[in-house]
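S.K.: Mind having a look at this structure? Questions to follow.
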Amino acid sequence: MKLVFASNNKNKIQEIRHQLPPEIELLSLEDIGCHEDIPETAATIEGNAIIKANYVTQNYGYDCFADDTGLEAEALNGAPGVYSARYAGEQKSAGDNMDKLLKELKDSNNRAARFKTVIALNLKGEQHLFTGTVNGTITHKKTGDKGFGYDPVFMPVGLTLTFAQLSLDEKALLSHRGKAVKQLLDFLKP
């Protein structure tokens, strides 16, 4: 089975490919010749995942899935949320985003946060949504060199390590994206 993942984010592709069984061949946007930047204009994480999946299906004719992820800090009323990737500006710099988040939480005792991933799957003319969440806290400084995005400042509940300190296998079991991908794979099982 070939399935397009509506992303060119090499880190996301690596994480998801790591979870897939060998019978599913994962194609990226680059693999199908999609080089445009798909607009993420929805007001919700679900909406952005749907926009990306629909774009590929409508313009390229492939069954595909797309994800969108947001980090929601309790003390910031759910921000950065749907704007997580461009929290510190359109340059989409993970370092800048983390720096802004740490600065905004500097004086806060409430470090509670959650990661949320929604996957929209377009398959055989139908759309299905899968959601994975993980609760945790925002650390006071960046720790670890694995992962990407906000991983160096997010510590899941029950651990003393950030996502950036975990192996791909450990992260797949615990993470928001790992949980959403597991739901997707369970759905795809014959």
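Let's see how each residue does on (1) at pLDDT below 90; (2) buried (at least 19 other Cβ atoms within 10 Å of the Cβ); (3) over 15 Å from the mean Cα position of the chain (by Cα):
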| site | (1), (2), (3) |
| --- | --- |
| 8 | yes, no, no |
| 18 | yes, no, no |
| 24 | no, no, yes |
| 32 | no, no, yes |
| 36 | no, no, yes |
| 46 | no, no, no |
| 60 | no, no, yes |
| 69 | no, yes, no |
| 76 | no, no, yes |
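S.K.: Let me ask something else about it. Just the residues that are part of a helix (DSSP H, G or I) and under 23 Å from residue 44 (Cα atoms), please, taken from the stretch 103-116. Give the derivation first.
M.R.: Going residue by residue through the stretch 103-116, those that are part of a helix (DSSP H, G or I) are 103-104.
Across the stretch 103-116, the qualifying residue is only 104.
S.K.: Another question, if that's okay. Just wondering, is there one or more residues in the stretch 82-96 that are in a loop (DSSP other than H, G, I, E, B) and in contact with a Pro (Cβ under 8 Å, 6 or more places away or on another chain)?
M.R.: Kept after step one, since they are in a loop (DSSP other than H, G, I, E, B), are these residues of the stretch 82-96: 82-83, 87-93.
With in contact with a Pro (Cβ under 8 Å, 6 or more places away or on another chain) added as a condition, the list becomes 87.
Yes - at least one qualifying residue is present in the stretch 82-96.
S.K.: Give me the pairs, please: first residue somewhere in the stretch 12-31 and without any contact (Cβ under 8 Å) to a residue 12 or more places away in the chain, second residue anywhere and outside any loop (DSSP other than H, G, I, E, B) and of a type in the set (A, V, I, L, M), beta-carbon distance under 9 Å, and either six or more positions apart or on two chains.
M.R.: Matching pairs, first to second residue: 17/26.
S.K.: Looking for something in contact with a Gly (Cβ under 6 Å, 6 or more places away or on another chain) and either surrounded by fewer than 21 Cβ atoms within 10 Å (Cβ to Cβ) or on the phi > 0 side of the Ramachandran plot (or both) - is there at least one such residue anywhere in the stretch 91-114?
M.R.: Checked the stretch 91-114: at least one residue is in contact with a Gly (Cβ under 6 Å, 6 or more places away or on another chain) and either surrounded by fewer than 21 Cβ atoms within 10 Å (Cβ to Cβ) or on the phi > 0 side of the Ramachandran plot (or both).
S.K.: For the stretch 33-74, which positions are farther than 25 Å from residue 91 by Cα and either of a type in the set (A, V, I, L, M) or free of Cβ contacts under 8 Å to residues at least 12 places away in the same chain (or both)?
M.R.: 58, 61
S.K.: Now for a separate question. Quickly run through the stretch 78-90 and pick out the residues that are within 15 Å of the chain's Cα centre (by Cα) and crowded, with 16+ Cβ neighbours inside 10 Å. Before the answer, list the steps.
M.R.: So in the stretch 78-90, the residues within 15 Å of the chain's Cα centre (by Cα) come out as 80-87.
Within the stretch 78-90, 80, 81, 82, 84, 85, 87 meet the criteria.
For every residue, the table says whether it meets (1) over 15 Å from residue 18 (Cα atoms); (2) under 14 Å from the mean Cα position of the chain (by Cα); (3) in contact (Cβ under 8 Å) with a residue 60 or more places away in the chain.
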{"site": "144", "(1), (2), (3)": "yes, no, no"}
{"site": "155", "(1), (2), (3)": "yes, no, no"}
{"site": "160", "(1), (2), (3)": "yes, no, no"}
{"site": "165", "(1), (2), (3)": "yes, no, no"}
{"site": "174", "(1), (2), (3)": "no, yes, no"}
{"site": "181", "(1), (2), (3)": "no, yes, yes"}
{"site": "186", "(1), (2), (3)": "yes, no, no"}
{"site": "189", "(1), (2), (3)": "yes, no, no"}
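S.K.: Got a number for residues in the stretch 115-133 being crowded, with 21+ Cβ neighbours inside 10 Å, closer than 19 Å to residue 74 by Cβ and not basic (Lys, Arg)?
M.R.: Keep residues of the stretch 115-133 that are crowded, with 21+ Cβ neighbours inside 10 Å, which gives 115-122, 130, 132.
Still in the list and also closer than 19 Å to residue 74 by Cβ: 115-117, 132.
Going one step further and asking which of them are not basic (Lys, Arg), we end up with 115, 117, 132.
Matching residues across the stretch 115-133 total 3.
S.K.: Going by the structure shown, is residue 134 farther than 20 Å from residue 10 by Cβ, touching a Phe, Trp or Tyr at 6+ places or on another chain (Cβ under 6 Å), touching a residue at least 24 places away in the same chain (Cβ under 8 Å) and outside any loop (DSSP other than H, G, I, E, B)? Break it down into steps so the answer makes sense when it comes.
M.R.: Values: farther than 20 Å from residue 10 by Cβ: yes; touching a Phe, Trp or Tyr at 6+ places or on another chain (Cβ under 6 Å): yes; touching a residue at least 24 places away in the same chain (Cβ under 8 Å): yes; outside any loop (DSSP other than H, G, I, E, B): yes.
The answer is yes for residue 134.
S.K.: Of the conditions (1) part of a loop (DSSP other than H, G, I, E, B); (2) out of contact with any Ser or Thr (no Cβ under 9 Å at 6 or more places or on another chain), residue 149 clears all except one; give me its number.
M.R.: (2)
This table checks each residue for (1) part of a loop (DSSP other than H, G, I, E, B); (2) among the aliphatic types (A, V, I, L, M); (3) over 24 Å from residue 93 (Cα atoms).
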| position | (1), (2), (3) |
| --- | --- |
| 142 | yes, no, no |
| 145 | yes, no, no |
| 160 | yes, no, yes |
| 183 | no, no, yes |
| 190 | yes, no, yes |
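The values are calculated or read from the model by the stated rules, or taken from the named source; none is laboratory data. Just so you know, these numbers come straight off a predicted model, no measurement behind them. Counting neighbours? That spans all protein chains shown, and the Cβs are built from the backbone with ideal geometry, glycine included.
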